[in-house]
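Q: Below is a structure I'd like to ask you about.
The values are calculated or read from the model by the stated rules, or taken from the named source; none is laboratory data. Keep in mind that this is a model prediction, so the values were computed, not measured. FYI the Cβ positions are ideal-geometry reconstructions off the backbone, even for glycines, and counts take in every protein chain you see. These accessible areas exclude ligands, DNA and RNA; they are computed on the full protein's heavy atoms, side chains included. Shrake-Rupley method; radii C 1.70, N 1.55, O 1.52, S 1.80 Å.
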Amino acid sequence: MNEIRQPCLLYIWCVLVLLALLLCSCASKGSNIKKPFPAKLAWPSPPEATRIRWLTSFSRESDIGTHRVNFWKKLVSFIIGKKEHRIIRPYGVYAWDQKVVVADPGAGVIHLFDLKEKRYRILSSANGEKIVLPSPIGVSGDGEGLLYITDSVQKKVYTYALATKKLSSLTSAGFRRPTGIAYNNKNGFVYVSDTLAHEIIGLDHHGVEQLRFGGRGGAPGKFNYPTDLFVDNRGYVWVTDSMNFRIQAFTPEGKFATMFGEPGNTSGRFAKPKGVAVDSEGHVYVCDALFDTVQIFDQAGHFLLNFGERGVGTGYFWMPSGLFIDSQDRIYVSDTYNQRVQVFQYVRDEN
């Protein structure tokens, strides 16, 4: 028996070694396919004072340190074909207390990355079944574990309770194409952009419509395919008015407050505006997917700075879309076609 067992063990060992070499070879080949640009970690460039600093990025669970996969585990995963969960085509992003929720229409799921606890999961039902949606686009939350999600194909707005893992339809209102969504803790309303209706709808926590504003047009307060939303610390609602190539702001009651922007291919103008967000000092950030950058303005619309450009390395973007700024002025950008979320920090003026 020993004589039989030893050749078998030797054979298995040889197979494992060959597979290991193949795995290393595949990794080596893969690394030559897409060479990253040099890292860009701070903006503007010296000698000017830093205003934006790169913090981290993640695309899969191992990126946040959920586990360190050793060589043999990688080999076993390679043999059995097991793949690690990862972001495919992120859009909406929302964060609180270093928990980051990412709507991924490419995978049809919602990812939850807990950067503090170094945990990751895909949103699932109470029985452990993964929740799959046709086209999850926008995501927001109340900061206490209740999430709000739009699905543009199902034409629905959902709530998801992290504590009970329950997904519910918030409203039966007839949306044509819900996309952007933002929760306002000043009045408890959830604002939803209905892109094809050219309107913003405000719902209470029961899903009952409380207000509606907009309508198609180019005048102040009107929209031409509105998409992304953000509520600032005053409760004002900021809207990406995409095909009017501008940003508009409204009071919590839906009254027009201000707007800025125009089409163009130079800094301070818009080509394909996507995500919008506002930091604690009132600076307005806008993703432009065609410029592959995030532009920063004051509230009068004066261009201040931009960060990021086309590329695959750290601090570079490829068609960024969703954007969110948390209470600590951490900036989360859905770097859509680089299949990741990048996190930056707004650096206040210390003078």
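Q: Place a +1 charge on the Cβ of each Lys and Arg in region 92-185 and a -1 charge on the Cβ of each Asp and Glu, then give the dipole magnitude about the Cα centre in debye, rounded to the nearest 20. Let's see the in-between values first.
A: Working: 12 positive and 8 negative charges, 42 e Å.
Dipole about the Cα centre, nearest 20: 200 debye.
Q: Given charges of +1 on the Cβ of Lys and Arg and -1 on the Cβ of Asp and Glu, with all other atoms neutral, how large is the dipole of region 140-276 about its Cα centre, in debye to the nearest 20? Walk me through the intermediate numbers first.
A: On the way: 16 positive and 12 negative charges, 65 e Å.
Approximately 320 debye in magnitude.
Q: Just the number, please: carbon plus sulfur as a percent of the accessible area of region 228-351, 1.4 Å probe, no ligands or DNA/RNA counted. List each step's numbers first, then the result.
A: Numbers: 2110 of 4600 Å².
Exposed carbon and sulfur together represent 46 percent of the surface.
Q: Two decimals is fine: what is log10 I(q)/I(0) at q = 0.12, 0.15, 0.18, 0.22 Å⁻¹ for region 293-351, from a Debye sum with one equal scatterer on every Cα and no solvent?
A: -0.31, -0.48, -0.67, -0.94
Q: Pairs Lys116/Lys155; Lys118/Lys165; Lys118/Lys156; Lys130/Lys272: which are spaced more than 29 Å apart, C-alpha to C-alpha? Display every interim value, and only then the final one.
A: Numbers: Lys116/Lys155 34 Å; Lys118/Lys165 20 Å; Lys118/Lys156 31 Å; Lys130/Lys272 33 Å.
From the list (Lys116/Lys155; Lys118/Lys165; Lys118/Lys156; Lys130/Lys272), the Cα-Cα distance tops 29 Å for Lys116/Lys155; Lys118/Lys156; Lys130/Lys272.
Q: Taking 1 over the mean of 1/r across every pair of different Cα atoms in region 227-289, what Kirkwood radius in Å do you get?
A: Working: mean 1/r = 0.0854 Å⁻¹.
Kirkwood radius, region 227-289: 11.7 Å.
Q: Another one. Once you have the alpha carbon radius of gyration of region 224-351, what is it after dividing by 2.2 N^0.38 Å, with N set to its residue count? Can you show the working numbers first?
A: Details: Rg = 13.6 Å, N = 128, 2.2 N^0.38 = 13.9 Å.
Normalised by 2.2 N^0.38 Å, the Cα Rg of region 224-351 equals 0.98.
Q: Residue separation times 0.36 nm, minus the C-alpha to C-alpha distance between Glu281 and Asn224: what's the value? Walk me through the numbers before you get to the answer.
A: Values: separation 57, 0.36 × 57 = 20.52 nm, distance 2.84 nm.
In short, 17.7 nm is gained.
Q: I'd like to check one number: the per residue accessible area of region 282-335, probe 1.4 Å, reported in Å² as a whole number.
A: Working: 1650 Å² over 54 residues.
For region 282-335, the per-residue accessible area is 30 Å².
Q: In nm, what is the difference between 0.36 nm times the number of residues separating Arg121 and Thr50 and their Cα-Cα distance? Numbers along the way, then the final one.
A: Details: separation 71, 0.36 × 71 = 25.56 nm, distance 3.43 nm.
Fully extending the segment from Arg121 to Thr50 adds 22.1 nm.
Q: How far apart, in nm, are two points set 7 Å out from the Cα along the Cα-to-Cβ line at Asp142 and at Thr251?
A: Label-label distance for Asp142 and Thr251, simple model: 2.5 nm.
Q: Rounded to the nearest 20 debye, what is the charge dipole size of region 291-340 about its Cα centre when +1 sits on each Lys and Arg Cβ and -1 on each Asp and Glu Cβ?
A: Numbers: 3 positive and 6 negative charges, 29 e Å.
Value, rounded to 20: 140 debye.
Q: How long are the three semi-axes of the equivalent ellipsoid of region 78-182, in whole Å, if each is the root of 5 times an eigenvalue of the C-alpha gyration tensor, listed from largest down?
A: Details: eigenvalues 99, 55, 35 Å².
So the three semi-axes of region 78-182 are 22, 17, 13 Å.
Q: Enumerate the whole-percent occupancy of each 5 Å bin, from 0 to the last occupied one, for all C-alpha pair distances of region 148-224.
A: The distribution over region 148-224 is 3, 16, 26, 25, 17, 8, 3, 1, 1, given as percents.
Q: Taking all protein chains in place and a 1.4 Å probe, what share, in percent, of the accessible surface of region 109-158 do carbon and sulfur account for? Intermediate results must be reported in sequence, preceding the final value.
A: Working: 1000 of 2180 Å².
Carbon with sulfur: 46 percent of the solvent-accessible area.
Q: In addition: Could you give the nm distance between label points at Val153 and Val132, where each point is 7 Å from its Cα heading toward the beta carbon?
A: Label at Val153, label at Val132, 1.0 nm between them.
Q: Would you kindly derive the ³J(HN,Hα) couplings of region 97-114 from the backbone phi angles with the Karplus curve 6.51 cos²θ - 1.76 cosθ + 1.60 (θ = phi - 60°), listing them in order in whole Hz, with x for Gly and Pro?
A: Per residue, the Karplus-derived 3J(HN,Hα) values read 6, 6, 9, 10, 9, 10, 7, 10, x, x, 9, x, 9, 10, 8, 10, 9, 9 Hz.
Q: May I ask for the distance between the Cα centers of region 173-229 and region 276-297, given as a whole number of Å?
A: Centre-to-centre (Cα) distance: 20 Å.
Q: Right, next: Give me the one-decimal nm value for the distance between modelled label points at Asp97 and Asn233, 7 Å along each residue's Cα-to-Cβ direction.
A: About 2.0 nm separates the two model spin labels.
Q: Also, quick follow-up: Take the Cα gyration tensor of region 189-253, multiply each eigenvalue by 5, square-root it, and list the three semi-axes largest first, rounded to whole angstrom. Could you put the intermediate results ahead of the total?
A: Values: eigenvalues 69, 35, 17 Å².
They are 19, 13, 9 Å, listed largest first.
Q: Using +1 at the Cβ of each Lys and Arg and -1 at the Cβ of each Asp and Glu in region 102-232, identify which of Gly128, Pro226, Val102 lies farthest towards the dipole's positive end.
A: Gly128
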